[in-house]
Structure formats: structure tokens, C-alpha cells
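The values are calculated or read from the model by the stated rules, or taken from the named source; none is laboratory data. Quantities reported herein were computed from a predicted structural model and do not represent experimental measurements. Reconstructed Cβ throughout: ideal geometry from the backbone, glycine too, with neighbour counts over all protein chains shown. Calculation scope for accessible area: heavy atoms of the full protein, side chains included, ligands and nucleic acids excluded. Shrake-Rupley method; radii C 1.70, N 1.55, O 1.52, S 1.80 Å.
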Amino acid sequence: MEFFRPGLNFDFVGKRKMFMGVSAAAILLSFVLLATRGLNYGIDFVGGTIVQVAFKEKKPIGDIRGAVSALNLGDALIQEFGSDREFLIRVKEFRSDVEGVDKRIAGALEKSFGKGSLEIRRTESVGPQVGEDLKRKAMSSLIFACIGILIYVGLRFRFVPAAASIVALLHDVIITMGILSLTGKEFNLPIVAAVLTIIGYSINDTIVIFDRIRENTRLSRRSELGEVINSSINQTLSRTILTGGTTLLTLLAFFFLGGEVIADFSFILIVGIIIGTYSSIYVASPILVAFPGYSGGAAAPRRSKKAAARA
């Protein structure tokens with residue numbers, strides 16, 4: 001399926017300085033947010049206990065806070081979970097007696113709102129040592145994913161495209177983390193999985209464009225690199241929009257209809273797909289032009305005389 005007529009030529013490379021400025025500003029803002037606001041780490045990483053409570057009728061969150069605060073459970077965070085009848089109660093201080101915390105919260109709420117007025121839907125607990133271990137492993141998985149991609153793209157395209165793709169991936173991850181910090185959404189293990197998914201999606205989109213650049217370089221050895229890159233992005237633009245658009249539709253359905261449990265996961269994937277598509281066009285490819293001496297065709301074999309005659 002083609003969204004654009006053949007021969008259409010958007011000048012992506014010519015506007016690279018403007019979009020690199022936009023990307024640099026977004027990265028700088030993300031660093032400022034991460035330094036000042038930080039990430040809202042979930043109990044997966046900091047340890048603690050989370051209890052999900054569902055009431056039969058809607059309840060004011062202030063009354064829930066009042067009932068739970070009497071238990072002296074430390075720094076308890078209470079928030080609505082999808083409706084004004086369901087709440088998440090997070091106790092960041094780890095409690096070894098999980099069942100006891102569960103029962104104490106249920107008892108305090110029943111004392112305030114009546115016996116049989118609520119149901120404990122879920123109780124989870126993670127110790128601080130386990131949380132630190134999970135945090136270390138999550139960061140390691142992100143680093144090793146980038147190293148693996150660097151090796152794969154380096155073997156397939158040589159150094160310059162590999163470096164450009166890694167810069168684009170770092171761009172995507174940093175801005176996604178900045179948006180996480182800005183929105184205050186919880187950074188937990190499912191979000192790490194979402195970030196790894198974003199990395200995979202972004203590099204796939206970038207490789208499709210790099211493949212086309214390599215093919216076009218072989219066929220148009222006398223063209224300027226910028227012209228070849230522009231032509232390659234335009235030729236893959238329909239594929240990019242079709243792939244990204246259908247993926248976004250699916251994720252939007254998950255976000256609006258999938259419920260609170262997967263809402264944050266879907267939100268980060270939506271953000272990542274948009275940023276990853278942008279970076280493959282306006283970050284990774286224009287970086288090739290910025291490398292001095294890079295022609296895009298250094299590794300490409302010269303065309304035979306017979307092929308040149310046919311061209």
C-alpha cells in the first residue's frame with residue numbers, strides 16, 4: 001500500500017539542523033526532569049507492599065487515607081485505580097508480615113466503612129534487597145541490549161550506521177524516561193519491558209531505512225549522500241506510516257479499553273513508537289551526513305559494466 005505518489009521527495013536531510021535542535025532541547029529537558037523530579041520507582045525496585053482494595057460503593061479518597069493513617073504503616077501512598085470504588089494502597093517500607101499488613105488494612109477499612117463493604121483484590125510485596133537486585137538487572141538488560149544492537153548493526157552496516165543507530169536509541173530512551181518523570185508514572189518491571197520493546201521497534205525501523213540507503217548508494221554512486229538518504233526515506237515512508245499507524249491503533253485500544261493494569265505499559269509504548277519513528281527519520285539517517293568522509297557506499301561493491309550499461 002502506498003500513501004504517497006511515486007517521485008515525491010520531502011527534504012528530510014535539508015531540515016536536519018532544525019530537528020536536531022528539537023531533539024537536543026528534548027534531551028536537555030529530559031535530563032533536567034530526571035535530575036530534579038527523578039523517576040517514580042515502583043515497589044519492584046524500592047521494595048514495599050501494595051494492596052488493591054475494591055469497595056462496593058464509591059468512597060472519598062480522603063476517608064481512605066484517614067482510615068489507613070491510623071495504622072502507622074509509614075509512608076503510605078493511596079490513589080484511585082480506574083474508578084472511585086477501587087484504590088491502590090502502597091506502603092514503601094517493607095513489611096515481612098505481608099498477610100498481616102493485608103489484614104490490618106482490611107480491618108481498618110471495615111471498621112470505618114462497615115463489614116463486607118470491600119474486597120482485597122491483590123497484595124504484592126518486594127523486599128529492599130530484591131528491589132535493588134531487580135533494579136541492577138533492569139539497567140543491565142538495557143545496556144546489554146544496546147551493546148548487542150551495536151554489534152549487530154556494526155557487522156551488517158559497519159561502524160558509522162551502527163553509531164548513528166545507537167545515538168538514535170539513546171535519544172529514544174532518554175526522552176521516554178523524561179516523559180516518565182514528567183508524568184510521574186511508575187517505573188517498574190513492565191515499564192522496563194516496554195522500554196526494551198521500544199528499542200527493538202526503533203532499531204527495526206532504522207535498519208529498514210539503512211538497508212534502502214545501502215541499496216540506493218550502489219545504484220546511484222554519483223549522487224550526493226544527502227540526496228540518497230532523502231530518496232531512501234521517501235521510498236520507505238509509506239511502509240513506516242503503515243507499520244507505525246497500525247501499531248499505534250492497537251496500543252490506543254489497549255490504553256483506552258484495556259483497563260488500569262496495562263494503561264501505563266500501553267502509554268509508554270505509544271510514546272516510544274512515536275519517538276522511535278521520529279528518530280529513525282530525523283535523527284539516525286541525518287547523522288550519517290554529519291560523519292566526515294562517510295559516503296554510504298564505501299562497503300558497496302562497484303556495479304559491473306553490464307549492469308551499468310543497463311542502468
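Rounded to the nearest 0.05, what FRET efficiency is calculated for Lys115 and Gln79 with R0 set to 22 Å and r the Cβ-Cβ distance? Intermediate results must be reported in sequence, preceding the final value.
Numbers: r = 25 Å, r/R0 = 1.12.
According to the calculation, E is roughly 0.35.
Would you mind telling me the share, in percent, of accessible area of the chain contributed by carbon and sulfur at probe 1.4 angstrom?
Numbers: 9890 of 16440 Å².
Carbon and sulfur atoms account for 60 percent of the accessible area of the chain.
Contact order normalised by length for the chain, with contacts defined as Cα pairs under 8 Å and 6 or more residues apart; what percent is it? For the chain, the relative contact order is 24 percent. Among beta bridges from DSSP that stay inside the chain, the antiparallel ones total about 90%. Over the chain, all Cα pairs binned in 20 Å intervals from 0 give whole-percent P(r) values of 27, 45, 22, 6, 0, listed from short to long.
Under 8 Å for C-alpha pairs, at least 6 residues apart: give me the relative contact order for segment 94-241, rounded to a whole percent. Can you show the working numbers first?
Values: 70 pairs, mean separation 21.8, N = 148.
RCO, segment 94-241: 15 percent.
The residues of segment 5-59 have, on average, 59 Å² of accessible surface per residue, using a 1.4 Å probe with all protein chains present.
Relative to the longest principal axis of the Cα atoms of the chain, helix 159-183 runs at roughly 30 degrees. Using a cut-off of under 11 Å, list every residue of segment 165-187 whose amide N is near the label point 7 Å from the Cα of Ala35 along the Cα-to-beta-carbon line. Label zone hits: none. Which whole-number percent is the relative contact order of segment 171-239 (Cα, under 8 Å, 6+ apart)? Computed value for segment 171-239: 26 percent relative contact order.
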